[in-house]
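A.B. asks: Just passing along the structure, written as structure tokens.
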Amino acid sequence: MLWVSIFRVMLLWIIGLGLFAALAAVGYFQGAIRVAFSLLGLLLAAVLSLPLAFAVAPLLKVLGMQHPVLLAFLAPVAVWLLFQIIFKSVGLAVHRKVDHWYKYKAIELHRRQWERLNRGLGLALGPANAIVYLFFLTTAADVLGYFTVQIGTSEQDPMAIRLVNQLNVAMQQTRMDKAVAAFHPAPEEYFDACDIIGDVYRTPLLQSRLATYPVFLPLIDQPELVAVGNDVLFQEYWQKGPAFAELINHDRLKPLVQSVELYTNVMSLAGAELKDLKEYLATGKSPKYEDEKILGRWSFDQKKSLLLTKRNKPAMSPAELLALRTYIVKVVGNAELTAFVENKATLKITDAKKASKVFQGAWKRGDTGKYSLSLPDGAKKLEAPVVVEARRLSFVKDGFSLVFEN
């Protein structure tokens with residue numbers, strides 16, 4: 001509707017004019033002293049809210065707010081509110097003392113002059129407070145809006161998300177977003193994380209690419225994450241494009257979203273790699289890890305291992321061929337080799353009874369660019385050169401060529 005479009009365009013003007021009118025009136029009735037202390041508190045809060053947030057975070061944890069994301073937003077707000085309470089209280093106390101002196105100790109003429117001056121200056125200072133409040137509001141809306149615009153869908157979204165998104169549209173139309181850009185308190189990693197979450201939310205198929213990002217390999221076997229990927233009904237639900245609030249409150253995702261431990265693990269792994277991760281999700285290539293071809297999870301290929309061993313040993317006897325087949329099927333079986341970022345490697349072997357053994361080892365890259373693998377092999381250690389070609393990895397163990405693919 002036309003009036004809705006007009007309202008969205010004028011939203012920022014309506015808020016701004018409302019703040020100016022309201023705080024001018026407040027300034028007139030409260031007086032210059034109280035308004036001046038409020039303005040000082042606002043300015044100090046703008047400078048000190050983020051640096052002092054770390055001191056308030058433990059108190060919020062005591063109140064039950066444990067998640068780091070929640071603390072990152074609420075701790076500065078708590079400091080800001082604390083500054084307002086302190087400075088408004090001090091301003092009220094000073095105002096009462098001055099007002100008491102003029103009311104009971106000054107002559108009538110001076111009292112009236114003081115009241116007119118106090119109200120006049122309060123009326124003038126009120127809009128200054130309004131400007132600071134408007135910058136607080138628009139900066140917060142700009143930071144939050146960077147995320148909410150990406151995950152906003154339609155009228156299904158909560159009122160708070162729709163209001164922030166509408167305010168962001170109004171800020172872009174009035175160029176207010178340019179004015180507050182210099183005051184952004186959020187680090188660059190916040191915006192990269194918003195881009196990543198928005199991309200995965202909009203394109204659920206990116207989950208598989210996200211799971212193969214090298215730094216996330218230590219998390220790939222966590223049961224709760226495996227359950228999300230294997231839940232067909234949940235994946236179909238996600239593909240239908242539910243509202244973001246509905247998605248993260250789904251029984252399958254809600255425990256993961258609320259998990260402090262999972263968040264801490266993910267950020268410890270990817271905190272410094274968010275730009276690289278964003279590029280990886282967009283293109284399937286990681287600028288940082290692209291040259292390390294060995295990184296990833298590799299599944300054992302019985303057929304290709306058999307063919308490669310035969311090719312390398314064309315004159316195998318029937319007994320050797322039987323030994324090869326037995327070794328490949330019963331000893332190696334459904335093996336998985338995982339090469340991690342920090343030069344660690346694991347070999348997981350699952351037998352026919354689905355019992356698994358995990359061997360911890362390491363990989364390294366020589367000066368010539370060739371890889372080698374070190375894995376426990378009974379009482380000794382296997383030290384084998386590794387050949388990585390495209391999506392195939394191979395090495396020799398016990399005289400047999402083992403081929404893995406990812």
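The values are calculated or read from the model by the stated rules, or taken from the named source; none is laboratory data. The structure presented is a predicted model; accordingly, all values stated were derived computationally and were not measured. Backbone-built Cβ (ideal geometry, glycine too); neighbour counts: all protein chains shown. Accessible surface is based on the protein model in full, side chains and every heavy atom, while ligands, DNA and RNA are left aside. Shrake-Rupley method; radii C 1.70, N 1.55, O 1.52, S 1.80 Å.
A.B. asks: Sort out which residues of region 301-323 are out of contact with any Phe, Trp or Tyr (no Cβ under 6 Å at 6 or more places or on another chain) and buried (at least 18 other Cβ atoms within 10 Å of the Cβ), and write them in order of number. Even if it seems obvious, please write down each step before you answer.
C.D. replies: Step one: filter region 301-323 for residues out of contact with any Phe, Trp or Tyr (no Cβ under 6 Å at 6 or more places or on another chain), giving 301-308, 310-323.
Across region 301-323, the qualifying residues are 301, 305, 306, 308.
A.B. asks: Another question about this same structure. Which is under 23 Å from residue 49 (Cα atoms), open to solvent by 60 Å² or more (accessible area, probe 1.4 Å) and either at pLDDT 90 or above or touching a strand residue (DSSP E or B) at 6+ places or on another chain (Cβ under 9 Å) (or both), of 147, 135, 183, 191? Explain how you work it out, then say what you get.
C.D. replies: Details: 147 fails: open to solvent by 60 Å² or more (accessible area, probe 1.4 Å); 183 fails: either at pLDDT 90 or above or touching a strand residue (DSSP E or B) at 6+ places or on another chain (Cβ under 9 Å) (or both); 191 fails: open to solvent by 60 Å² or more (accessible area, probe 1.4 Å).
Result: 135 is the single residue among 147, 135, 183, 191 that is under 23 Å from residue 49 (Cα atoms), open to solvent by 60 Å² or more (accessible area, probe 1.4 Å) and either at pLDDT 90 or above or touching a strand residue (DSSP E or B) at 6+ places or on another chain (Cβ under 9 Å) (or both).
A.B. asks: Also, quick follow-up: One residue is enough: does region 367-379 have a residue meeting the conditions open to solvent by 70 Å² or more (accessible area, probe 1.4 Å) and in a strand (DSSP E or B)?
C.D. replies: Applying the first criterion (open to solvent by 70 Å² or more (accessible area, probe 1.4 Å)) to region 367-379 yields 367-368, 370, 378-379.
From what's left, in a strand (DSSP E or B): none.
No, region 367-379 contains no residue that is open to solvent by 70 Å² or more (accessible area, probe 1.4 Å) and in a strand (DSSP E or B).
A.B. asks: Would you check if residue 34 is crowded, with 17+ Cβ neighbours inside 10 Å, farther than 24 Å from residue 186 by Cα and basic (Lys, Arg)?
C.D. replies: On the way: crowded, with 17+ Cβ neighbours inside 10 Å: yes; farther than 24 Å from residue 186 by Cα: yes; basic (Lys, Arg): yes.
Here the answer is yes, as residue 34 does meet what is asked.
A.B. asks: Just checking, which of 384, 362 is open to solvent by less than 70 Å² (accessible area, probe 1.4 Å) and modelled with pLDDT of 90 or more? Let's see the steps before the verdict.
C.D. replies: Values: 384 fails: modelled with pLDDT of 90 or more.
Just one listed residue meets the conditions, 362.
A.B. asks: To continue, here is another question. Among (1) at pLDDT 95 or above; (2) surrounded by fewer than 20 Cβ atoms within 10 Å (Cβ to Cβ); (3) in contact with a Ser or Thr (Cβ under 9 Å, 6 or more places away or on another chain), which single condition is residue 90 missing?
C.D. replies: (3) is the only condition that residue 90 fails.
A.B. asks: Given the structure, is residue 278 touching a helix residue (DSSP H, G or I) at 6+ places or on another chain (Cβ under 6 Å), modelled with pLDDT of 90 or more and either under 21 Å from residue 211 (Cβ atoms) or not β-branched (Val, Ile, Thr) (or both)? Write out each step before concluding.
C.D. replies: On the way: touching a helix residue (DSSP H, G or I) at 6+ places or on another chain (Cβ under 6 Å): yes; modelled with pLDDT of 90 or more: yes; either under 21 Å from residue 211 (Cβ atoms) or not β-branched (Val, Ile, Thr) (or both): yes.
Criteria met by residue 278.
A.B. asks: Closer than 30 Å to residue 186 by Cβ and open to solvent by 70 Å² or more (accessible area, probe 1.4 Å): which single residue out of 50, 117, 121, 74 fits that description? Walk me through it before giving the result.
C.D. replies: Numbers: 117 fails: closer than 30 Å to residue 186 by Cβ; 121 fails: closer than 30 Å to residue 186 by Cβ; 74 fails: open to solvent by 70 Å² or more (accessible area, probe 1.4 Å).
None of the others qualify; the one that does is 50.
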